[in-house]
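Taking it in order: structure first as structure tokens, then the write-up.
The values are calculated or read from the model by the stated rules, or taken from the named source; none is laboratory data. Just so it is clear, the model here is predicted, and its values are computed rather than measured. Methodologically, a virtual Cβ is constructed for each residue, glycine included, from the backbone with ideal geometry; neighbour enumeration extends over all protein chains shown. Accessible surface is based on the protein model in full, side chains and every heavy atom, while ligands, DNA and RNA are left aside. Shrake-Rupley method; radii C 1.70, N 1.55, O 1.52, S 1.80 Å.
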Amino acid sequence: EGERFEEVKKTQSVIVGPQCLLTCLTNGQPIPNVTWPIHNMAMEGCYITCSHLPKAVKEDIKIKVQNMGGRYTDSIFSVNTHLVTDCVKSEKYLFLGRNRTVVVASADETSSWVLYPYVS
């Protein structure tokens, strides 16, 4: 956080936190070459999309997912592993449910998330 951090972010340099670096070195993985900061690899391999959430909430989720080594997509793809939504039975919910995607229900705009298995 802070002014200097924001300045470095604008240069699109690779910014990784100590947990990310430790995980990569321990597991023999390459350091992610992305244009956003990564603090840790807690969501590595996760592809997240959102449905029926305000734009500001989606942007907040995108930043959090990317900071934890995950990928965020605006559109739905077969690679999506998680859906964050406040509305079941949406087009995204139905499409991703066929692939057994984990549904994450947002109780409110900033609270923690609850995981639900897809129920057809």
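Within the range 30-59, which residues are surrounded by fewer than 13 Cβ atoms within 10 Å (Cβ to Cβ) and of a type in the set (Ser, Thr, Tyr)?
35
Residue 65 - would you say it is open to solvent by less than 20 Å² (accessible area, probe 1.4 Å) and more than 11 Å from residue 84 (Cβ to Cβ)?
No.
Scan the range 42-99 for residues that are in contact with a Leu (Cβ under 9 Å, 6 or more places away or on another chain) and either closer than 21 Å to residue 16 by Cα or part of a strand (DSSP E or B) (or both) and jot them down.
Hits for the range 42-99 are 48, 49, 50, 51, 61, 82, 83, 84, 85.
Exactly one condition in (1) farther than 24 Å from residue 93 by Cβ; (2) free of Cβ contacts under 8 Å to residues at least 12 places away in the same chain is false for residue 67; which is it?
So the condition that residue 67 fails would be (2).
So the check is Cβ under 9 Å with 6+ separation or different chains; which pairs have a first residue in the range 11-27 that's outside the structural domain of residue 64 (by the TED database) and at positive phi and a second one that's of a type in the set (S, T, N, Q) and open to solvent by 50 Å² or more (accessible area, probe 1.4 Å)?
12/35
I'd like the residue in the range 28-55 that is over 14 Å from the mean Cα position of the chain (by Cα) and not assigned by the TED database to the domain that holds residue 1 and, out of all such residues, is nearest to residue 76 (Cα to Cα).
Going through the qualifying residues, I end up with 52.
For the range 11-24, check the following and say yes or no: at least one residue is at pLDDT 90 or above, open to solvent by 80 Å² or more (accessible area, probe 1.4 Å) and closer than 30 Å to residue 98 by Cα.
Among the residues of the range 11-24, not one is at pLDDT 90 or above, open to solvent by 80 Å² or more (accessible area, probe 1.4 Å) and closer than 30 Å to residue 98 by Cα, which makes the answer no.
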